[in-house]
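Everything below concerns the one structure shown next.
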Amino acid sequence: MNNDHFYKLLHRYQSGELGRRRFLGMLAASAAALGLAGRPISAMAAKAAQVRFDGWGGSVSDALREHAFKPYTEKTGVKVVDGTFAGVDEFFTKVRTSAPGTYNVFHSSGVFDYVRYVDADLDVKLDESKIPNLKNVLPRLIEPLRELSGGALSAVPYDYGTTGIAYNKDVISEDEIKEKGARILIDEKYKGTLGGINDWRTQCWYGAVMSDQDPNNVKDLDAMWEVLRKHRSLLRKYWTSGAELMSLMSSGEIVATQAWSGRIATLQKEGHPIGYYEPKDTFAWQEAMFVLRGSPMEEVQQLLNFMLDPAVAIAVSEAQGYPPSLDPSAVDLPESVTSLPAYDATGKLEGRTFANARYWNDVQPAWSKMFGRIERGF
(Lines give C-alpha, C1' and ligand atoms only; values in the text may rest on other atoms or scores of the structure.)
Protein backbone atom coordinates (compact mmCIF):
# COMPACT_ATOMS: atom_id res chain seq x y z
CA MET A 1 0.00 0.00 0.00
CA ASN A 2 1.51 3.35 -1.01
CA ASN A 3 1.18 6.63 0.86
CA ASP A 4 -1.65 7.95 -1.30
CA HIS A 5 -3.63 4.75 -0.80
CA PHE A 6 -3.25 5.08 2.95
CA TYR A 7 -4.79 8.57 2.94
CA LYS A 8 -7.63 7.41 0.72
CA LEU A 9 -8.30 4.69 3.28
CA LEU A 10 -8.18 7.25 6.08
CA HIS A 11 -10.64 9.46 4.20
CA ARG A 12 -13.07 6.54 3.77
CA TYR A 13 -12.97 6.01 7.54
CA GLN A 14 -13.31 9.70 8.39
CA SER A 15 -16.25 10.14 6.01
CA GLY A 16 -18.09 7.18 7.54
CA GLU A 17 -17.74 4.84 4.57
CA LEU A 18 -15.70 2.38 6.68
CA GLY A 19 -16.53 1.32 10.20
CA ARG A 20 -13.85 1.67 12.85
CA ARG A 21 -13.23 -2.09 13.18
CA ARG A 22 -12.81 -2.61 9.45
CA PHE A 23 -10.62 0.48 9.11
CA LEU A 24 -8.31 -0.63 11.92
CA GLY A 25 -8.09 -4.11 10.47
CA MET A 26 -7.16 -2.89 6.99
CA LEU A 27 -4.71 -0.38 8.45
CA ALA A 28 -3.01 -2.93 10.67
CA ALA A 29 -2.55 -5.28 7.70
CA SER A 30 -0.46 -2.77 5.78
CA ALA A 31 0.93 -0.23 8.27
CA ALA A 32 4.50 -1.44 7.81
CA ALA A 33 4.49 -0.24 4.23
CA LEU A 34 4.31 3.32 5.52
CA GLY A 35 6.86 2.81 8.28
CA LEU A 36 4.14 2.84 10.92
CA ALA A 37 4.77 -0.59 12.42
CA GLY A 38 5.00 -0.48 16.19
CA ARG A 39 2.78 2.59 16.54
CA PRO A 40 -0.63 2.07 18.14
CA ILE A 41 -3.25 1.84 15.40
CA SER A 42 -5.81 3.49 17.66
CA ALA A 43 -3.54 6.53 17.96
CA MET A 44 -3.49 6.93 14.19
CA ALA A 45 -7.27 6.74 14.01
CA ALA A 46 -7.62 9.27 16.81
CA LYS A 47 -6.05 11.95 14.61
CA ALA A 48 -9.49 12.48 13.11
CA ALA A 49 -10.26 14.57 16.20
CA GLN A 50 -7.92 17.29 14.92
CA VAL A 51 -8.74 19.71 12.12
CA ARG A 52 -6.24 21.83 10.23
CA PHE A 53 -7.28 25.26 8.98
CA ASP A 54 -5.31 27.60 6.72
CA GLY A 55 -6.15 31.26 6.27
CA TRP A 56 -4.95 34.74 5.36
CA GLY A 57 -3.27 35.57 8.64
CA GLY A 58 -3.32 38.91 10.42
CA SER A 59 -6.54 40.32 11.86
CA VAL A 60 -8.67 37.93 9.78
CA SER A 61 -7.07 34.81 11.24
CA ASP A 62 -7.02 36.41 14.69
CA ALA A 63 -10.79 36.92 14.46
CA LEU A 64 -11.42 33.32 13.45
CA ARG A 65 -9.10 31.96 16.11
CA GLU A 66 -10.61 33.99 18.94
CA HIS A 67 -14.29 33.88 18.06
CA ALA A 68 -14.68 30.56 16.23
CA PHE A 69 -11.86 28.08 16.78
CA LYS A 70 -11.31 28.54 20.51
CA PRO A 71 -15.03 28.31 21.37
CA TYR A 72 -15.38 25.30 19.07
CA THR A 73 -12.54 23.49 20.80
CA GLU A 74 -13.94 24.35 24.21
CA LYS A 75 -17.32 22.96 23.19
CA THR A 76 -16.19 19.81 21.38
CA GLY A 77 -12.65 19.04 22.47
CA VAL A 78 -11.57 18.98 18.81
CA LYS A 79 -8.41 21.00 18.30
CA VAL A 80 -8.14 23.36 15.35
CA VAL A 81 -4.55 23.74 14.18
CA ASP A 82 -4.44 26.90 12.11
CA GLY A 83 -1.79 28.04 9.69
CA THR A 84 -1.48 30.83 7.16
CA PHE A 85 -0.55 31.12 3.51
CA ALA A 86 1.26 33.88 1.67
CA GLY A 87 -0.78 33.56 -1.50
CA VAL A 88 -3.50 31.43 -3.07
CA ASP A 89 -1.30 30.13 -5.91
CA GLU A 90 1.42 28.97 -3.54
CA PHE A 91 -1.12 27.26 -1.29
CA PHE A 92 -2.75 25.51 -4.24
CA THR A 93 0.62 24.03 -5.19
CA LYS A 94 1.16 22.80 -1.63
CA VAL A 95 -2.24 21.11 -1.50
CA ARG A 96 -1.90 19.56 -4.94
CA THR A 97 1.50 18.06 -4.11
CA SER A 98 0.61 16.87 -0.60
CA ALA A 99 -1.06 13.64 0.48
CA PRO A 100 -4.85 13.87 0.92
CA GLY A 101 -5.63 14.79 4.50
CA THR A 102 -2.55 16.95 5.03
CA TYR A 103 -4.73 20.04 4.70
CA ASN A 104 -8.39 20.11 5.73
CA VAL A 105 -10.14 23.49 5.50
CA PHE A 106 -8.93 26.76 4.03
CA HIS A 107 -10.30 30.28 3.70
CA SER A 108 -10.78 30.29 -0.06
CA SER A 109 -11.01 33.28 -2.34
CA GLY A 110 -14.50 32.65 -3.62
CA VAL A 111 -15.20 31.28 -7.06
CA PHE A 112 -11.59 31.48 -8.29
CA ASP A 113 -10.29 28.97 -5.80
CA TYR A 114 -13.51 27.00 -5.79
CA VAL A 115 -13.44 26.07 -9.47
CA ARG A 116 -9.70 25.45 -9.42
CA TYR A 117 -9.86 22.95 -6.56
CA VAL A 118 -13.00 21.27 -7.92
CA ASP A 119 -11.44 20.87 -11.36
CA ALA A 120 -8.29 19.43 -9.78
CA ASP A 121 -10.37 16.83 -7.88
CA LEU A 122 -9.16 18.16 -4.53
CA ASP A 123 -12.65 18.71 -3.18
CA VAL A 124 -15.24 16.79 -1.17
CA LYS A 125 -19.02 16.76 -1.33
CA LEU A 126 -20.46 18.11 1.89
CA ASP A 127 -23.39 16.44 3.63
CA GLU A 128 -25.59 19.50 4.01
CA SER A 129 -27.84 17.74 6.52
CA LYS A 130 -24.87 17.93 8.91
CA ILE A 131 -24.65 21.70 8.42
CA PRO A 132 -28.17 22.94 9.28
CA ASN A 133 -26.98 26.53 9.71
CA LEU A 134 -26.56 26.69 5.93
CA LYS A 135 -30.19 27.81 5.95
CA ASN A 136 -28.96 31.19 7.25
CA VAL A 137 -26.58 31.79 4.32
CA LEU A 138 -27.34 34.17 1.47
CA PRO A 139 -28.64 32.19 -1.55
CA ARG A 140 -26.80 34.66 -3.84
CA LEU A 141 -23.49 33.38 -2.44
CA ILE A 142 -24.38 29.69 -2.51
CA GLU A 143 -25.76 29.56 -6.06
CA PRO A 144 -22.50 30.13 -7.98
CA LEU A 145 -20.74 27.42 -5.97
CA ARG A 146 -23.47 24.90 -6.79
CA GLU A 147 -23.23 25.79 -10.47
CA LEU A 148 -19.49 25.12 -10.50
CA SER A 149 -19.72 21.69 -8.87
CA GLY A 150 -22.86 20.14 -10.30
CA GLY A 151 -25.24 21.03 -7.50
CA ALA A 152 -23.26 19.76 -4.50
CA LEU A 153 -21.22 21.99 -2.23
CA SER A 154 -17.53 21.62 -1.44
CA ALA A 155 -17.42 24.79 0.65
CA VAL A 156 -19.69 27.10 2.61
CA PRO A 157 -19.72 30.87 1.92
CA TYR A 158 -18.52 32.72 5.00
CA ASP A 159 -18.05 36.40 4.22
CA TYR A 160 -18.01 38.84 1.35
CA GLY A 161 -16.50 42.16 0.51
CA THR A 162 -15.07 44.37 -2.18
CA THR A 163 -11.67 45.53 -3.33
CA GLY A 164 -12.28 49.23 -3.83
CA ILE A 165 -10.17 52.37 -3.61
CA ALA A 166 -8.85 53.51 -0.24
CA TYR A 167 -7.73 57.11 0.07
CA ASN A 168 -6.35 59.48 2.68
CA LYS A 169 -9.09 62.02 3.41
CA ASP A 170 -6.53 64.58 4.61
CA VAL A 171 -5.05 64.63 1.10
CA ILE A 172 -7.84 63.59 -1.27
CA SER A 173 -11.34 65.00 -1.00
CA GLU A 174 -14.55 63.04 -1.42
CA ASP A 175 -15.40 65.13 -4.47
CA GLU A 176 -12.06 64.33 -6.09
CA ILE A 177 -12.33 60.59 -5.54
CA LYS A 178 -15.86 60.60 -6.94
CA GLU A 179 -14.67 62.49 -10.00
CA LYS A 180 -11.60 60.37 -10.73
CA GLY A 181 -12.61 56.99 -9.32
CA ALA A 182 -10.05 54.27 -9.96
CA ARG A 183 -8.08 56.60 -12.23
CA ILE A 184 -6.79 58.31 -9.10
CA LEU A 185 -4.21 55.51 -9.27
CA ILE A 186 -2.74 56.96 -12.48
CA ASP A 187 -2.87 60.62 -11.48
CA GLU A 188 0.55 62.31 -11.88
CA LYS A 189 -0.39 64.59 -8.99
CA TYR A 190 0.18 61.73 -6.55
CA LYS A 191 3.36 60.27 -8.01
CA GLY A 192 5.39 58.51 -5.35
CA THR A 193 2.47 58.27 -2.90
CA LEU A 194 0.35 55.62 -4.60
CA GLY A 195 0.10 51.97 -3.63
CA GLY A 196 -1.08 48.82 -5.30
CA ILE A 197 -1.65 45.21 -4.37
CA ASN A 198 0.95 42.73 -5.59
CA ASP A 199 -1.69 40.50 -7.17
CA TRP A 200 -1.99 40.03 -10.92
CA ARG A 201 -5.74 39.39 -10.81
CA THR A 202 -6.67 42.57 -8.92
CA GLN A 203 -4.25 44.65 -10.97
CA CYS A 204 -5.65 43.36 -14.26
CA TRP A 205 -9.20 43.89 -13.00
CA TYR A 206 -8.44 47.53 -12.27
CA GLY A 207 -6.41 47.82 -15.45
CA ALA A 208 -9.63 46.97 -17.25
CA VAL A 209 -11.67 49.40 -15.12
CA MET A 210 -9.19 52.25 -15.63
CA SER A 211 -9.20 51.65 -19.40
CA ASP A 212 -13.04 51.70 -19.44
CA GLN A 213 -13.50 48.00 -20.18
CA ASP A 214 -15.59 45.15 -18.80
CA PRO A 215 -13.29 43.25 -16.41
CA ASN A 216 -15.00 39.99 -17.37
CA ASN A 217 -14.56 40.56 -21.11
CA VAL A 218 -11.40 42.57 -21.84
CA LYS A 219 -11.09 43.40 -25.54
CA ASP A 220 -8.13 45.80 -25.66
CA LEU A 221 -5.22 44.17 -23.83
CA ASP A 222 -2.78 46.87 -24.93
CA ALA A 223 -4.91 49.54 -23.22
CA MET A 224 -5.03 47.46 -20.03
CA TRP A 225 -1.27 46.95 -19.96
CA GLU A 226 -0.70 50.64 -20.73
CA VAL A 227 -2.58 51.87 -17.65
CA LEU A 228 -0.89 49.25 -15.47
CA ARG A 229 2.53 50.45 -16.64
CA LYS A 230 1.41 54.02 -15.90
CA HIS A 231 0.35 52.95 -12.40
CA ARG A 232 3.70 51.21 -11.92
CA SER A 233 5.59 54.38 -12.90
CA LEU A 234 3.78 56.42 -10.23
CA LEU A 235 3.93 53.80 -7.50
CA ARG A 236 5.44 54.11 -4.05
CA LYS A 237 5.29 50.35 -3.66
CA TYR A 238 3.22 47.22 -4.18
CA TRP A 239 1.93 45.78 -0.92
CA THR A 240 1.73 42.06 -0.26
CA SER A 241 -0.47 41.63 2.83
CA GLY A 242 -3.36 43.19 4.68
CA ALA A 243 -1.03 44.16 7.50
CA GLU A 244 1.27 46.01 5.09
CA LEU A 245 -1.70 47.74 3.46
CA MET A 246 -2.87 49.01 6.84
CA SER A 247 0.61 50.16 7.80
CA LEU A 248 1.14 52.08 4.56
CA MET A 249 -2.24 53.82 4.77
CA SER A 250 -2.19 54.59 8.50
CA SER A 251 1.33 56.06 8.33
CA GLY A 252 0.50 58.24 5.33
CA GLU A 253 3.26 56.68 3.25
CA ILE A 254 0.68 56.13 0.52
CA VAL A 255 -2.48 58.17 -0.05
CA ALA A 256 -4.43 55.93 -2.43
CA THR A 257 -4.47 52.27 -3.40
CA GLN A 258 -6.70 49.34 -4.21
CA ALA A 259 -7.76 47.95 -0.84
CA TRP A 260 -9.81 45.25 0.84
CA SER A 261 -12.95 46.68 2.40
CA GLY A 262 -12.49 44.85 5.70
CA ARG A 263 -8.99 46.11 6.30
CA ILE A 264 -10.16 49.67 5.66
CA ALA A 265 -13.04 49.13 8.07
CA THR A 266 -10.48 48.24 10.73
CA LEU A 267 -8.47 51.40 10.03
CA GLN A 268 -11.62 53.52 10.21
CA LYS A 269 -12.57 51.90 13.50
CA GLU A 270 -9.14 52.81 14.84
CA GLY A 271 -9.78 56.46 13.94
CA HIS A 272 -7.53 56.90 10.91
CA PRO A 273 -8.70 59.43 8.26
CA ILE A 274 -9.11 56.79 5.56
CA GLY A 275 -11.97 56.86 3.08
CA TYR A 276 -13.23 54.00 0.93
CA TYR A 277 -14.77 54.39 -2.51
CA GLU A 278 -16.37 51.80 -4.78
CA PRO A 279 -16.16 52.93 -8.43
CA LYS A 280 -18.14 51.33 -11.26
CA ASP A 281 -17.22 47.65 -11.60
CA THR A 282 -15.59 47.51 -8.19
CA PHE A 283 -14.13 44.07 -7.66
CA ALA A 284 -16.71 42.21 -5.52
CA TRP A 285 -15.98 38.79 -4.04
CA GLN A 286 -17.00 36.21 -1.54
CA GLU A 287 -14.84 33.99 0.64
CA ALA A 288 -15.72 30.47 1.64
CA MET A 289 -14.56 27.71 3.94
CA PHE A 290 -13.43 25.06 1.46
CA VAL A 291 -13.07 21.44 2.57
CA LEU A 292 -10.26 19.44 1.00
CA ARG A 293 -10.09 15.79 0.03
CA GLY A 294 -9.04 13.49 2.87
CA SER A 295 -10.46 15.68 5.65
CA PRO A 296 -12.15 14.26 8.80
CA MET A 297 -15.68 14.94 7.61
CA GLU A 298 -17.58 14.54 10.87
CA GLU A 299 -15.41 17.05 12.69
CA VAL A 300 -15.13 19.41 9.72
CA GLN A 301 -18.87 19.60 9.09
CA GLN A 302 -19.44 20.13 12.80
CA LEU A 303 -16.91 22.97 12.71
CA LEU A 304 -18.55 24.59 9.67
CA ASN A 305 -21.97 24.43 11.27
CA PHE A 306 -20.55 25.98 14.45
CA MET A 307 -18.93 28.78 12.44
CA LEU A 308 -22.22 29.55 10.68
CA ASP A 309 -24.08 29.91 13.95
CA PRO A 310 -25.26 33.55 13.86
CA ALA A 311 -23.64 34.45 17.19
CA VAL A 312 -20.28 33.08 16.04
CA ALA A 313 -20.43 34.49 12.51
CA ILE A 314 -21.41 37.94 13.80
CA ALA A 315 -18.58 37.97 16.34
CA VAL A 316 -16.07 37.01 13.64
CA SER A 317 -17.50 39.65 11.29
CA GLU A 318 -17.21 42.39 13.89
CA ALA A 319 -13.60 41.45 14.55
CA GLN A 320 -12.39 41.04 10.96
CA GLY A 321 -14.41 43.84 9.34
CA TYR A 322 -16.15 41.87 6.58
CA PRO A 323 -19.92 41.29 6.36
CA PRO A 324 -20.85 37.68 7.17
CA SER A 325 -22.54 35.46 4.59
CA LEU A 326 -25.70 35.52 6.72
CA ASP A 327 -28.97 36.47 5.05
CA PRO A 328 -30.34 39.68 6.67
CA SER A 329 -33.88 38.46 5.97
CA ALA A 330 -33.23 35.39 8.11
CA VAL A 331 -30.92 36.76 10.81
CA ASP A 332 -31.03 40.03 12.75
CA LEU A 333 -27.68 41.72 12.22
CA PRO A 334 -26.39 44.43 14.59
CA GLU A 335 -25.34 47.91 13.55
CA SER A 336 -21.71 46.89 14.00
CA VAL A 337 -22.19 44.64 10.95
CA THR A 338 -24.64 46.68 8.88
CA SER A 339 -22.31 49.70 9.00
CA LEU A 340 -19.37 47.80 7.50
CA PRO A 341 -18.04 48.78 4.05
CA ALA A 342 -19.46 46.49 1.34
CA TYR A 343 -22.48 45.42 3.45
CA ASP A 344 -25.66 44.96 1.39
CA ALA A 345 -28.86 45.40 3.38
CA THR A 346 -30.98 43.71 0.68
CA GLY A 347 -28.94 40.51 0.68
CA LYS A 348 -29.33 40.35 -3.10
CA LEU A 349 -25.88 41.81 -3.87
CA GLU A 350 -27.31 43.45 -6.98
CA GLY A 351 -25.06 45.89 -8.78
CA ARG A 352 -21.96 44.06 -7.55
CA THR A 353 -19.53 42.88 -10.20
CA PHE A 354 -18.26 39.40 -9.40
CA ALA A 355 -15.58 37.72 -11.46
CA ASN A 356 -16.32 35.07 -14.06
CA ALA A 357 -14.20 32.33 -12.51
CA ARG A 358 -13.50 30.29 -15.61
CA TYR A 359 -12.68 33.39 -17.67
CA TRP A 360 -10.12 34.59 -15.14
CA ASN A 361 -8.63 31.18 -14.52
CA ASP A 362 -8.21 30.72 -18.28
CA VAL A 363 -6.27 33.98 -18.69
CA GLN A 364 -4.12 33.42 -15.61
CA PRO A 365 -1.04 31.91 -17.34
CA ALA A 366 -0.62 34.77 -19.82
CA TRP A 367 -1.83 37.67 -17.70
CA SER A 368 0.04 36.76 -14.52
CA LYS A 369 3.23 36.48 -16.57
CA MET A 370 2.70 39.86 -18.19
CA PHE A 371 1.89 41.55 -14.89
CA GLY A 372 5.06 40.02 -13.46
CA ARG A 373 7.02 41.80 -16.18
CA ILE A 374 5.25 45.10 -15.50
CA GLU A 375 5.87 44.70 -11.78
CA ARG A 376 9.59 44.37 -12.49
CA GLY A 377 9.52 47.55 -14.57
CA PHE A 378 9.40 46.10 -18.10
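The values are calculated or read from the model by the stated rules, or taken from the named source; none is laboratory data. All of these numbers come straight from a predicted model, not from anything done at the bench. No Cβ is skipped: glycine too gets one built from the backbone with ideal geometry, and neighbour counts run over all protein chains shown. The accessibility values were calculated without ligands, DNA or RNA, using every heavy atom of the protein model including side chains. Shrake-Rupley method; radii C 1.70, N 1.55, O 1.52, S 1.80 Å.
Over the chain, with a Gaussian network built from C-alpha contacts below 10 Å, which listed residue (351, 101, 55) shows the highest mean-square fluctuation?
Looking only at 351, 101, 55, the biggest GNM fluctuation is shown by 351.
Can you tell me how the stretch 147-194 classifies by the Cα gyration tensor, rounded, prolate or oblate, using a/c under 1.5 as the rounded cut?
Note, shape of the stretch 147-194 comes out prolate.
What whole-number value in cubic angstrom gives the convex hull volume per residue for the C-alpha atoms of the chain?
Cα-based convex hull of the chain, divided per residue, equals 144 Å³.
Once you charge only the Cβ atoms, +1 for Lys and Arg and -1 for Asp and Glu, what is the size of the charge dipole of the stretch 264-353 about its Cα centre, to the nearest 20 debye?
About 260 debye.
Using modelled backbone amide H atoms (1.01 Å from N, in-plane), which distant-in-sequence or interchain residues come within less than 5 Å of residue 159's amide H?
Answer set, sorted by chain and number: 287, 325.
Once you have the Cα-Cα distance between residue 125 and residue 369, take 0.36 nm times their residue separation minus that, and quote the gain in nm to one decimal.
84.5 nm
Taking every DSSP beta bridge with both residues inside the chain, roughly what % is antiparallel (nearest 5)?
Percentage antiparallel, nearest 5: 60.
Would you please give the residues with an amide H less than 5 Å from that of residue 193, counting only those at least 5 places away or on a separate chain, with H modeled from the backbone geometry?
The answer is 236.
Mean residue ellipticity at 222 nm from the helices of the chain, using -39,500 (n - 2.57) per DSSP H segment of n ≥ 4 over the full residue count, to the nearest 500 deg cm²/dmol?
Result for the chain, helices only: -13000 deg cm²/dmol.
Step by step: find N for the stretch 272-331, compute 2.2 N^0.38 Å, then divide the Cα radius of gyration by it. What's the final number?
1.48
Can you list the HN-Hα couplings for the stretch 259-269, worked out from phi with the Karplus curve (6.51, -1.76, 1.60; θ = phi - 60°), rounded to whole Hz and with x for Gly and Pro?
Listing the rounded values in order: 7, 7, 4, x, 5, 5, 4, 5, 4, 5, 5 Hz.
For the stretch 189-258, what is the per residue volume of the convex hull drawn over the alpha-carbon atoms, in cubic angstrom?
77 Å³
Would you mind telling me the share, in percent, of accessible area of the chain contributed by carbon and sulfur at probe 1.4 angstrom?
47 percent
Stretch residue 378-residue 102 to full length: gain in nm at 0.36 nm per residue minus the Cα-Cα span?
Between residue 378 and residue 102, full extension yields an extra 95.5 nm.
Once phi is turned into ³J(HN,Hα) by the Karplus curve 6.51 cos²θ - 1.76 cosθ + 1.60 with θ = phi - 60°, what whole-Hz value does each residue of the stretch 352-359 show in order, with x for glycine and proline?
Values per residue, Gly and Pro as x: 8, 9, 9, 6, 7, 4, 5, 4 Hz.
Going highest first, how would you order 155-162, 316-323 by mean Cβ packing within 10 Å? Present the calculation step by step, with values, prior to reporting the outcome.
Numbers: 155-162: 25.6, 316-323: 24.1.
By packing density, highest mean first, the sequence is 155-162, 316-323.
Using the heavy atoms of the protein chains and a 1.4 angstrom probe, tell me the accessible area per residue for the chain in square angstrom.
Per-residue value: 43 Å².
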